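Input: a single structure, listed below in structure tokens.
The values are calculated or read from the model by the stated rules, or taken from the named source; none is laboratory data. Nothing here was measured: the structure is a model prediction, and the numbers come from that model. Because the Cβ atoms are built from the backbone with ideal geometry, glycine has one as well, and the counts that use them run over all protein chains shown. Just so you know, the surface numbers come from the protein's heavy atoms only, side chains and all, with ligands and any DNA or RNA stripped out. Shrake-Rupley method; radii C 1.70, N 1.55, O 1.52, S 1.80 Å.
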Amino acid sequence: MLRLTLCLSFFILSLISFAGKVSGKVTDDNGAPLAYASISIKGTTKGTNANSSGNYSITLSPGQYTLICQYVNYKKEETTITVTADDQVVNFTLTIQQLTLSEVIVRKGEDPAYEIIRQAIKKRSYYNNQVDSFSVDVYIKGLLRSRGMPKKVFGRKIEREENDGLDSLGKGILFLSESVTKVSYAKPDKIKYRVISSRQSGGGFGLSLPLFINFYQNNVSVFDNNLNPRGFISPIADGALNFYKYRYEGSFIEDNKMVNTIRVTPRRKNEPLFNGTIQITEEDWRIYSLDLQITKDYALELVDTIRISQIHSSIDNDIWKTKSQVAYIAMKVLGFDFTGNFVNVYADYDLAPGFTKKYFDRIQMKYDTAFDKKDSSYWDRVRPVSLEQDEKRDFVFKDSIAKLNRDSFLTKRNLDSLRKNQKPITLVNIVWSGVRHNFYSKKTMITYSVKPLLAKLEYNTVEGLALNAEQRFRYSSRKRKNIYTLDWNTRYGFSNTHLNSYGELTIRSNNINNNIRNRYLKLSGGKRLSQFNRDNPIGALGNSIATLVFKNNYIKLYENWFGRVEYNTKTESGLRLNFHVTYEDRLPVDNSTDFTFFRKKDSLLPNHPYELANIPFARNQALVAGIKLVWQPGQRYIQFPTYKSAIGSNAPTLELEYNKGIKKLLSSDADFDKWKFSVMDNMNLKLAGEFKYKVSVGGFLNNKRVDIPDYQHFNGNQFYTIWKYLDAFQLAPYYKYSNTENFYIVAHVEHHFNGLLTNKIPLFNKLKWNLVAGSNAFYVNRDKHYFEAFLGIENILKIFRVDFINAYQPGLNYKFGIKVGAGGLIGGKIKFEDQ
């Protein structure tokens with residue numbers, strides 16, 4: 001057996017040793033390089049691509065081969081070579097494809113391109129569903145360059161990392177990675193990625209997910225719709241003739257097939273559309289190649305331009321698949337100038353992979369155990385796109401710096417350097433910008449930080465002007481299994497002279513698997529100031545403005561000595577569990593000041609919620625235990641070599657919460673059982689927009705002793721801004737509908753049009769403002785119910801949203817209001833803890 005193994009090893013080595021390297025350059029007839037031109041081996045699915053300078057190389061075993069060189073809109077060239085052990089150079093010069101305009105049928109004076117496109121539309125679904133299953137190896141290269149960056153933005157200096165690889169003008173490579181991923185697919189929507197190898201300049205997982213851009217789908221996803229949630233309309237979509245104009249530019253014959261070249265132009269701006277050329281074969285009406293782009297004029301967000309180039313080729317008889325794809329991006333913003341390209345080269349298609357029944361499990365992406373252990377000789381062998389010289393230097397330089405940092409991190413010299421390079425702690429920083437300071441040793445690192453005191457100043461009628469100091473200590477050790485974080489909050493009210501201070505110790509595992517699962521233990525206690533509604537619907541800044549300027553002291557507070565234990569974890573199935581026990585000794589507090597900027601005849605409201613004036617709040621003790629379960633069925637995962645991470649699913653998220661007031665234990669007065677069940681989801685309807693909803697039911701199974709902090713509160717809003725949408729009511733009072741009833745139902749729904757309708761309205765489409773509409777409602781009983789409907793404009797400066805709301809409340813009839821908040825491509829992704 002050993003002898004056989006050795007023989008096979010020597011045989012394989014001999015094949016590698018005698019393989020020959022073929023390299024060259026692809027240019028046009030003027031000598032200009034043709035970036036990412038495709039070079040394939042005739043009769044196989046193997047091949048390579050030129051790099052951005054037109055250079056290519058491929059290693060082949062000895063023998064005779066026919067090389068085929070292709071580039072979109074250029075005439076294909078073939079050359080036959082004999083490969084020996086010696087390297088050889090084979091250059092290609094491609095000429096513009098000469099198009100013929102003869103033998104085209106003109107119907108009713110229309111351009112013949114329309115009939116070709118109609119035929120392609122008829123065949124679109126067939127080609128999209130032609131193959132039941134397949135697997136393919138994809139080489140993925142991602143590159144992002146900086147062509148320049150400013151010294152300052154909004155007056156603040158741009159802080160650059162040492163050894164970032166950029167020159168003094170900010171030019172150079174920002175991101176560079178390459179990967180080899182095997183993709184497996186089966187109808188209708190089963191897909192699995194196996195990352196065979198991956199590396200990123202300077203270390204990291206790299207870009208291992210292929211950018212499948214499928215123009216046989218009606219709605220084309222580009223970069224997972226992150227640059228336009230509606231997606232883009234394919235030039236051969238079912239209704240494409242309503243969106244595009246087509247011009248026949250001619251045809252040519254290649255491999256005994258007539259190929260039609262068609263110019264694609266959007267009919268209107270501000271629609272998610274492509275422009276460029278697409279080549280369709282005659283008679284079978286399939287995509288031969290394409291060169292299309294999208295710009296900001298056609299619903300592209302954040303970046304200025306994306307250009308997509310694809311070459312399709314025959315895999316087996318009547319079956320064609322994408323052979324190579326390049327996506328180019330360009331963006332200029334605030335003085336930053338970025339470009340990038342993302343290359344996918346597809347090889348070794350298998351149209352009969354023979355997947356087992358259990359092959360497509362919930363692990364959607366899996367990294368091989370040695371995916372990041374490949375050496376340079378491996379990459380030289382498998383890489384189908386040659387690296388540029390600066391790309392080679394970037395890998396060597398950044399990998400060396402990363403290794404040096406790892407090896408020297410705990411040396412005395414490096415520790416002294418880290419200590420020396422830190423910014424000093426100054427009073428100005430503590431007040432204005434905050435402080436972060438690290439204390440290094442060979443075994444441990446302690447981080448101390450303070451949030452800026454000025455940003456934490458607030459005003460309320462209980463404390464008057466209040467100074468809030470939020471400090472954090474973080475301790476980590478190489479030898480210890482856990483990371484310890486102590487958050488210490490201290491606040492002082494200058495009017496009531498009360499000092500409140502409490503700490504929260506969080507213990508997390510150093511193990512990355514436990515971090516992915518968000519597993520932690522929290523121990524907290526001390527004296528604090530709390531809102532009656534624990535969801536904190538009223539933000540400190542908003543309340544300060546409302547009180548000082550408009551004399552509306554909305555926030556209602558009580559003090560409490562407390563202790564709390566909380567444990568959180570997430571199972572591999574995606575079930576999140578949170579257990580907590582809280583003890584509070586609750587102390588009522590009253591207003592201590594009535595100061596405002598503008599005096600009014602009306603006095604300030606008392607600190608006790610005026611809507612609950614008939615419900616007393618005296619000193620009481622409460623011991624409350626609770627559990628919260630959050631689960632999304634159909635969870636999918638990424639399997640890393642040492643851990644597994646959940647990535648969600650298309651199913652709604654389910655949430656169950658239960659809290660128990662435990663009587664007598666630790667002198668607790670509380671005696672209640674409170675529950676809540678919620679269903680929520682975000683549904684991307686592509687061109688129709690995005691629909692979001694959250695529906696909840698709940699109530700009290702037992703309400704023998706419930707104090708105001710334990711009531712069921714609905715998150716109202718009486719200020720001019722709103723930051724939480726699917727969990728709040730935009731015009732509802734804060735405490736008017738608080739209750740201890742045995743049942744209630746709440747519903748929040750909103751639809752984001754994402755450019756639908758507004759792309760046809762002048763100014764709106766130019767500014768890319770989008771409509772949002774929805775409603776919020778709850779029902780407790782005949783006396784306690786509420787309904788509001790709203791219509792808004794979002795994506796204002798990509799961040800802001802303005803809503804116009806009409807609400808109905810029993811006894812108050814209709815009420816109209818306007819609210820400003822966050823919404824849009826960037827604003828919609830910002831998470832706010834409170835207003």
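What is the spin-label model distance, in nm, from S509 to H580 if the labels are put 7 Å beyond Cα along the C-beta direction?
Going from the S509 label point to the H580 one covers 2.3 nm.
Run the numbers for Y492 and R268: contour at 0.36 nm per residue of separation, minus the present Cα-Cα distance, in nm. Display every interim value, and only then the final one.
Values: separation 224, 0.36 × 224 = 80.64 nm, distance 5.98 nm.
Fully extending the segment from Y492 to R268 adds 74.7 nm.
I'd like the accessible area for L404: 1.4 Å probe, protein heavy atoms, all chains in place, Å² to the nearest 10.
The value for L404 is about 100 Å².
L404 to K766: extension gain in nm, 0.36 nm per residue of separation minus the Cα-Cα distance?
On the way: separation 362, 0.36 × 362 = 130.32 nm, distance 4.98 nm.
Between L404 and K766, full extension yields an extra 125.3 nm.
Output the relative contact order of the stretch 50-189, whole-number percent, from Cα pairs under 8 angstrom with separation of 6+ residues. If you can, show how the numbers build up before the last one.
Numbers: 135 pairs, mean separation 25.9, N = 140.
Once normalised by length, the contact order is 18 percent.
How far, in degrees from 0 to 90, does helix 2-18 lean away from the longest principal axis of the Cα atoms of the chain, to the nearest 10?
70 degrees
Taking Cα pairs under 8 Å and at least six residues apart, what relative contact order does the chain come out at, in percent? Present the calculation step by step, with values, prior to reporting the outcome.
On the way: 1982 pairs, mean separation 60.4, N = 835.
Rounded, it is 7 percent for the chain.
Which FRET efficiency value, to the nearest 0.05, do you get for S501 and N129 by plugging their Cβ-Cβ distance into 1/(1 + (r/R0)^6) with R0 = 56 Å?
Rounded to the nearest 0.05, the efficiency is 0.30.
If I model a spin label as a point 7 Å beyond the Cα along the Cα-Cβ vector, how far apart are those points for K257 and I425 in nm?
Going from the K257 label point to the I425 one covers 7.0 nm.
For the chain, with only Lys/Arg (+1) and Asp/Glu (-1) charged at the beta-carbon, what is the dipole magnitude about the Cα centre, in debye rounded to 20?
Working: 115 positive and 82 negative charges, 455 e Å.
Using Cβ point charges on Lys, Arg, Asp and Glu, the chain gives about 2180 debye.
Expressed as a whole percentage, what fraction of the accessible surface of the chain belongs to carbon and sulfur atoms when a 1.4 Å probe is rolled over the protein heavy atoms?
About 56 percent, which is the carbon plus sulfur part of the accessible surface.
Would you mind checking the stretch 728-751 for residues with the amide N under 12 Å from a putative spin-label position 7 Å along Cα→C-beta of L812?
Correct set: 729-738.
In nm, give the distance between the simple-model label positions of W675 and N536, each being 7 Å from the Cα along the Cα-to-Cβ direction.
Each label point is offset 7 Å from its Cα along the Cβ direction, giving 3.0 nm.
E283 to E611: FRET efficiency via 1/(1 + (r/R0)^6), r the Cβ-Cβ distance, R0 45 Å, to the nearest 0.05? Don't jump to the answer; show the numbers that get you there.
Working: r = 75 Å, r/R0 = 1.67.
Rounded to the nearest 0.05, the efficiency is 0.05.
Counting only helical runs of four or more DSSP H residues, what would the 222 nm mean residue ellipticity of the chain come to if each run contributes -39,500 (n - 2.57) and the total is spread over all its residues? Spell out each step's value before the answer.
Numbers: 8 runs with 89 residues, N = 835.
It lands at -3000 deg cm²/dmol.
With a 1.4 Å probe and all protein chains kept in place, how do I140, I745 rank by accessible area, largest first?
On the way: I140 0, I745 70 Å².
Result of the area sort, largest leading: I745, I140.
Within the chain, which is the longest segment that contains none of the GluC sites (Glu not before Pro) sitting in a DSSP loop with at most 16 other Cβ atoms within 10 Å?
Working: sites that count: E103, E110, E159, E161, E162, E282, E283, E388, E572, E741, E833.
That would be 389-571.
Which shape class, rounded, prolate or oblate, goes with the stretch 191-261 when its Cα gyration tensor gives a ≥ b ≥ c as root eigenvalues, a/c under 1.5 marks rounded, and past that a/b bigger than b/c marks prolate? Display every interim value, and only then the final one.
Numbers: a/c = 2.95, a/b = 1.66, b/c = 1.78.
Oblate.
Give the angle, between 0 and 90 degrees and rounded to the nearest 10, that separates the Cα long axis of helix 389-408 from the longest principal axis of the Cα atoms of the chain.
So the helix axis and the longest Cα principal axis differ by about 40 degrees.
Quick one: ranking R160, R491, R247 by accessible area, 1.4 Å probe, largest first, what do you get? Show your work: numbers first, answer last.
On the way: R160 95, R491 35, R247 120 Å².
Greatest to least solvent exposure: R247, R160, R491.
What relative contact order, as a whole-number percentage, does the stretch 196-259 give when Cα pairs under 8 Å and 6 or more residues apart are counted? Could you put the intermediate results ahead of the total?
Values: 50 pairs, mean separation 11.8, N = 64.
Normalised by residue count, the contact order of the stretch 196-259 is 18 percent.
Pull out the extension gain between L629 and K122, defined as 0.36 nm times the separation in residues minus the alpha carbon to alpha carbon distance; nm, one decimal.
The L629-K122 span can extend by a further 177.7 nm.
Rounded to the nearest 0.05, what FRET efficiency do R147 and D375 have when you use their Cβ-Cβ distance and R0 = 35 Å? Show your work: numbers first, answer last.
On the way: r = 32 Å, r/R0 = 0.92.
Efficiency computed from Cβ-Cβ geometry: 0.65.
State in Å² the accessible area per residue of the stretch 700-776; use a 1.4 Å probe, count heavy atoms of protein chains only, and round to the nearest integer. Provide the component values of the computation, followed by the final result.
Values: 3010 Å² over 77 residues.
Counting only protein heavy atoms, the per-residue value for the stretch 700-776 is 39 Å².
Hey, can you find the accessible area per residue of the stretch 112-221 for me, probe 1.4 Å, expressed in square angstrom? Please list the in-between numbers first.
Numbers: 5180 Å² over 110 residues.
About 47 Å² of surface per residue is accessible.
Nearest 20 debye, what's the magnitude of the dipole of the stretch 464-615 about its Cα centre given +1 on Lys and Arg Cβ and -1 on Asp and Glu Cβ?
Working: 23 positive and 13 negative charges, 180 e Å.
Charge dipole, the stretch 464-615, about its Cα centre: 860 debye, nearest 20.
Averaged per residue, what accessible area in Å² does the stretch 27-91 show with a 1.4 Å probe, protein chains only?
Details: 2920 Å² over 65 residues.
About 45 Å² of surface per residue is accessible.
Once the Cα atoms of helix 540-550 and of the chain are each reduced to a long axis, what angle between those two axes, in degrees from 0 to 90 to the nearest 10, is obtained?
60 degrees
Give a quick list of trypsin sites (Lys or Arg not before Pro) in the stretch 705-802 that DSSP marks as loop, anything other than H, G, I, E or B, with at most 14 other Cβ atoms within 10 Å. Please list the in-between numbers first.
Numbers: sites: R705, K724, K736, K760, K766, K768, R782, K784, K798, R801; in loops: K724, K736, K768, R782, K784, K798.
When the trypsin sites (Lys or Arg not before Pro) of the stretch 705-802 are filtered for loop state and at most 14 Cβ neighbours within 10 Å, R782 remain.
State which entries of K76/K392; K141/K366; K46/K398 exceed 25 angstrom in Cα-Cα distance in the structure shown.
Working: K76/K392 30 Å; K141/K366 19 Å; K46/K398 31 Å.
Going by Cα-Cα distance, K76/K392; K46/K398 fall outside the 25 Å limit.
Would you list W379, W675, W631 from the most to the least accessible area, probe 1.4 Å?
Numbers: W379 5, W675 65, W631 100 Å².
Heavy-atom accessible area, descending, gives W631, W675, W379.
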